[in-house]
Structure formats: structure tokens, C-alpha cells
1. Any residue in region 82-108 that's on the phi > 0 side of the Ramachandran plot: show its pairings with residues that are at pLDDT 80 or above and not in a loop (DSSP other than H, G, I, E, B) at Cβ separation under 9 Å, as long as the two are six or more apart or on different chains.
2. What do you reckon, is S31 out of contact with any strand residue (DSSP E or B) (no Cβ under 9 Å at 6 or more places or on another chain) and among the hydroxyl-bearing types (S, T, Y)?
3. Would you kindly identify the helices (runs of 4 or more DSSP H) lying entirely within region 1-116 that contain at least 3 residues that are at pLDDT 90 or above and aliphatic (A, V, I, L, M)?
4. Give the residue that is surrounded by the most Cβ atoms within 10 Å (Cβ to Cβ), with candidates limited to residues of region 7-39 that are charged (D, E, K, R) and in contact (Cβ under 8 Å) with a residue 12 or more places away in the chain.
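The values are calculated or read from the model by the stated rules, or taken from the named source; none is laboratory data. Owing to the predicted nature of the structure, the values given are computational and were not obtained by experimental measurement. Note that each Cβ is placed from the backbone with ideal geometry, even for glycine, and that neighbours are counted across all protein chains shown.
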Amino acid sequence: MSASVLNPNQLKLFMSGTEFKNASSTSVDLSYRDRTMDQLWTRKLAEAKAPAYTGHGAGIYESLKNEGFNKEHYGGDWDTPTLMFAGHRTDPVPVMKQGEGHHRVAAAAEIERESGGRRTIWMPVRYENHSQWAPTVPPAVG
């Protein structure tokens with residue numbers, strides 16, 4: 001079965017860094033320091049390009065560039081890049097919020113951009129539901 005006949009709403013098990021970055025419309029890391037996603041991605045990439053062991057996220061760019069994505073190297077399941085469904089059940093399309101893995105996503109997207117499309121770094125995606133998408137159910141009486 002080719003990818004062209006799959007349901008477009010099917011959740012992806014793997015995404016490239018560029019695809020992951022583009023899917024994230026907001027982030028748990030947005031704060032007073034980063035008011036936009038562009039500011040956040042710029043900071044996360046700078047941190048990922050710093051020499052290894054010099055700060056949070058440091059060395060990830062070089063590691064991804066040289067070794068690709070290695071789940072065990074990055075801490076196992078808890079540190080897998082995460083997209084969270086956020087928003088409200090009445091929204092027509094759920095908001096996809098970046099949870100974990102910002103440095104890896106920023107570094108992978110940059111490596112893909114620098115390669116001119118010749119290299120793709122695939123990463124597993126974990127989804128979490130942090131929304132109010134569950135239907136409203138009145139409490140049981142009795």
C-alpha cells in the first residue's frame with residue numbers, strides 16, 4: 001500500500017526534523033524569553049550547536065550530524081520528541097504543541113536545511129493528549 005492512499009489524519013510514527021518543527025504551532029517552552037516559535041527555535045538551535053557538556057542541549061547538533069538519531073543516546077522514551085494535542089474539543093483542528101525534544105528537532109531541521117534536502121533525520125514521535133477533547137459527559141446520578 002502506498003503512502004498516497006493512507007488516511008491523511010493518521011498520526012505519524014516518525015517525522016523529519018523539518019516536519020516536526022513545522023507541525024509544532026506552540027510549545028511548553030514559550031516564555032518571557034521566547035515570545036514566538038521563531039525565537040524559541042533560534043535559541044534551541046544555538047544551544048544545540050554549543051560544545052558538548054557546556055549546557056542544556058549542548059552537543060546535540062554535532063551528535064545528530066555525525067551519528068543521526070539514536071534514542072538510547074538521548075535518554076530513552078522520556079526524552080523522545082513529543083507532540084501534544086492541546087486546545088479545546090470545540091476547536092476544528094487540535095493545536096499541536098511541542099513537548100519534549102526541542103534541541104533535537106531544531107538541530108535536525110537545521111542539518112536537513114544545510115544539506116539542501118539530501119539528508120533527512122527521522123525521529124520517533126510520541127503523542128500525548130493535553131487537551132479537553134474528551135466529550136462532555138454529565139456525572140452519574142445515583
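1. Pairs that qualify, where the first residue is on the phi > 0 side of the Ramachandran plot and the partner is at pLDDT 80 or above and not in a loop (DSSP other than H, G, I, E, B), are G101/F20; G101/M123; G101/R126.
2. Here the answer is yes, as S31 does meet what is asked.
3. In region 1-116, 37-49, 102-114 are the helices (runs of 4 or more DSSP H) which contain 3 or more residues that are at pLDDT 90 or above and aliphatic (A, V, I, L, M).
4. Ranking the qualifying residues of region 7-39, first place goes to K21.
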